[in-house]
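Asker: I have a structure here, written as structure tokens, and I will follow up with some questions on it.
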Amino acid sequence: MPIRLVVEGLSAQRGEDLIFHDISFVLSAGQAVVVTGPNGSGKSTLLRVLAGLLETLSGTVRLEGAPAEIGHPRELCHYLGHRNAMKRELTVTENLAFWKSFMGDSANGHGVGIEAAVEAVGLAGISHLPFGYLSAGQQRRMAMAKLLVAYRPIWLLDEPTAALDASADRLFAGLTTQHLAAGGIVVAATHQPLGVEAMELRMTGFASVGEELI
Amino acid sequence: MISLFLRDLKLSVRAGGGALIGVLFFLTVVAVVPFAVGPDLNLLSRIGPAILWIGALLASLLGLDRLFQAEREDGSLDLMLMQETPLVVTVLVKCLAHWTATGLPLVIASPVLGLFMNMSEIAIGATMLTLLVGTPAVTLIGAAGAAVAVTLPRGGLLVSILVLPLAIPVLIFGVSASYAAVEDPAPFLPPLMILLAITLFFAVIGPLAAALALRSASD
């Protein structure tokens, strides 16, 4: 059964400040939503709440059609935050091999090999270098390769294309389209157009209601 | 999980990992004691086990604050928090790797430093054994402290202050077992068994507390 990500009446606060309240949307397999809005409007907070890294104030995030052994929706999610979650001291291959083996694959899918993932982000041939030697854009691309080595149906992407050039933007749009075509779900917070067909969720800032535009 | 263990070991021996810093600190602490106390060989051999234990305790506290902080700074902690694998297990494996990289070298270096303190073979052997049994407890207690201080940029001292009171029983039983081996009437086995019990106790409590602290510290 294909999964559906159901978000109902979600509110979150940081410290004493209400960041957003009453956000609801439903994403079926193959759908993407792009979260837009000015700086500080709560895009990252929304993604971290979806990833189970921040407590919700009210509302629920749940998955329909997920295997019974899944305790929390975050276990079926990939989270690509501002930081790349790669160790500078280890080589790219070592980093990716670690995440591939540590994260494992979710049901109904499997990650690609490390060489194939590095090739998919267009950086074949430099995977033997320590991660710290790469440029900011290359590091970001390698962090994307991490999305491919361990399969998760849901991708939560926070500013995925920051520090990327135009060709990497297109490449990333291609990867996202492939993931959606394979029945994945993508939630991305971004300022730049993602280059894929997606709904838009506009965050309007301090304690305001997110409205959904199709 | 094996991959996490191997990765943490690799990180600790690569540049800036700090596996050897603990041993160097241990060496420095123990090496200055004879200069401060003076060349009284009997006195040195009497205080030897205690000095080795204090040195090892302080040295194993040295790198603890980075246990989770380094993971948090590059975003790896977020991913670890999201996995199906229970966080307690992840923390326990990280503790094991940390002990193998920083605690085990201290145990291995202790016989050489025992010679500095004019300790007998039996005293050296007993101290090494108690360090082997007792230092994992320090790491496991320290994991809880490191998890509490994970969001503080300069939490190193705070971790030491949080951890030291809890590590006092380890120190007491470690040193008393070492002394019991050389001083005749006192039995060696009971304090060693209590030390082992403390380590096993904290192998359960430490990761549990650390996992709870990490969950609530996320921002």
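The values are calculated or read from the model by the stated rules, or taken from the named source; none is laboratory data. The model shown is predicted, which means the values in this text are computed figures rather than measured ones. Quick reminder, even Gly has a Cβ in these numbers, built from the backbone with ideal geometry, and neighbours come from all protein chains shown.
Asker: Within the stretch A:124-144, can you find the residues that are away from chain B (no Cβ under 14 Å) and touching a Leu at 6+ places or on another chain (Cβ under 8 Å)?
Answerer: A:ILE126, A:SER127, A:GLY137, A:GLN138, A:ARG141, listed by residue number.
Asker: Name the residue that is nearest to A:LEU53 (Cα to Cα), counting only residues in the stretch A:11-27 that are touching a Ser or Thr at 6+ places or on another chain (Cβ under 9 Å) and of a type in the set (A, V, I, L, M).
Answerer: A:ALA12
Asker: Where the second residue is modelled with pLDDT under 85 and the first is basic (Lys, Arg) and lies in the stretch A:154-173, which pairs have Cβ atoms under 8 Å and are six or more apart or on separate chains?
Answerer: A:ARG170/A:GLY195
Asker: Considering only residues that are over 17 Å from A:TRP155 (Cβ atoms) and at the interface with another protein chain (Cβ under 9 Å from one of its Cβ atoms), which ones fall in the stretch A:57-85? I'd like the intermediate steps shown before the answer.
Answerer: Here is the first cut: in the stretch A:57-85, the ones over 17 Å from A:TRP155 (Cβ atoms) are A:57-60, A:62, A:64-65, A:67-69, A:71.
Passing the criteria: A:GLU69, A:GLY71.
Asker: Considering only residues that are in contact with a Gly (Cβ under 6 Å, 6 or more places away or on another chain) and either closer than 15 Å to B:VAL107 by Cβ or not in a helix (DSSP H, G or I) (or both), look in the stretch B:23-57 and name the one that is nearest to the other protein chains (Cβ to nearest Cβ).
Answerer: If we filter the stretch B:23-57 for residues that are in contact with a Gly (Cβ under 6 Å, 6 or more places away or on another chain), which is where we start, we get B:26, B:29-30, B:53.
Still in the list and also either closer than 15 Å to B:VAL107 by Cβ or not in a helix (DSSP H, G or I) (or both): B:26, B:30, B:53.
On the way: B:PHE26: 24, B:VAL30: 30, B:TRP53: 32 Å.
This residue is B:PHE26.
Asker: Would you mind finding the one in B:SER120, B:SER178 that is over 30 Å from B:LEU81 (Cβ atoms), surrounded by fewer than 17 Cβ atoms within 10 Å (Cβ to Cβ) and either touching a Leu at 6+ places or on another chain (Cβ under 7 Å) or in contact (Cβ under 8 Å) with a residue 24 or more places away in the chain (or both)? Lay out the reasoning, then the answer.
Answerer: Values: B:SER178 fails: surrounded by fewer than 17 Cβ atoms within 10 Å (Cβ to Cβ).
Selected residue: B:SER120, the only one of B:SER120, B:SER178 that is over 30 Å from B:LEU81 (Cβ atoms), surrounded by fewer than 17 Cβ atoms within 10 Å (Cβ to Cβ) and either touching a Leu at 6+ places or on another chain (Cβ under 7 Å) or in contact (Cβ under 8 Å) with a residue 24 or more places away in the chain (or both).
Asker: Next question, about the same structure. Count, please, the residues in the stretch A:106-118 that happen to be more than 16 Å from the chain's Cα centre (by Cα), under 24 Å from A:PRO67 (Cβ atoms) and within 14 Å of chain B (Cβ to nearest Cβ).
Answerer: Taking the stretch A:106-118 and keeping what is more than 16 Å from the chain's Cα centre (by Cα), we get A:107-110, A:112-118.
So of that shortlist, the ones also under 24 Å from A:PRO67 (Cβ atoms) come out as A:107-110, A:112.
Filter once more, keeping what is within 14 Å of chain B (Cβ to nearest Cβ): A:107.
Residues meeting the conditions: 1.
Asker: Right, something else. Checking the structure you have, find out if any residue of the stretch B:64-79 is under 21 Å from the mean Cα position of the chain (by Cα), away from chain A (no Cβ under 14 Å), assigned to a helix (DSSP H, G or I) and surrounded by fewer than 21 Cβ atoms within 10 Å (Cβ to Cβ).
Answerer: Taking every residue of the stretch B:64-79 in turn, none turns out to be under 21 Å from the mean Cα position of the chain (by Cα), away from chain A (no Cβ under 14 Å), assigned to a helix (DSSP H, G or I) and surrounded by fewer than 21 Cβ atoms within 10 Å (Cβ to Cβ).
Asker: May I pose another question? Just to be sure I understand, how many residues within the stretch A:121-143 are farther than 13 Å from A:MET86 by Cβ and either assigned to a helix (DSSP H, G or I) or charged (D, E, K, R) (or both)?
Answerer: 1
Asker: Consider B:VAL89 carefully, then state whether it is more than 14 Å from chain A (Cβ to nearest Cβ), assigned to a helix (DSSP H, G or I), among the β-branched types (Val, Ile, Thr) and surrounded by fewer than 18 Cβ atoms within 10 Å (Cβ to Cβ). Write out each step before concluding.
Answerer: On the way: more than 14 Å from chain A (Cβ to nearest Cβ): no; assigned to a helix (DSSP H, G or I): yes; among the β-branched types (Val, Ile, Thr): yes; surrounded by fewer than 18 Cβ atoms within 10 Å (Cβ to Cβ): yes.
For B:VAL89, the condition - more than 14 Å from chain A (Cβ to nearest Cβ), assigned to a helix (DSSP H, G or I), among the β-branched types (Val, Ile, Thr) and surrounded by fewer than 18 Cβ atoms within 10 Å (Cβ to Cβ) - is not met.
Asker: Also, I was wondering about something else. Could you tell me how many of the residues in the stretch A:42-72 are in contact (Cβ under 8 Å) with a residue 60 or more places away in the chain and either in a loop (DSSP other than H, G, I, E, B) or polar (S, T, N, Q) (or both)?
Answerer: 5
Asker: Taking the stretch A:92-106, which residues are among the polar types (S, T, N, Q) and surrounded by fewer than 22 Cβ atoms within 10 Å (Cβ to Cβ)? Outline the logic, then answer.
Answerer: First pass over the stretch A:92-106, keeping only residues among the polar types (S, T, N, Q): A:93, A:95, A:101, A:106.
Listed by number, the residues that qualify are A:THR93, A:SER101.
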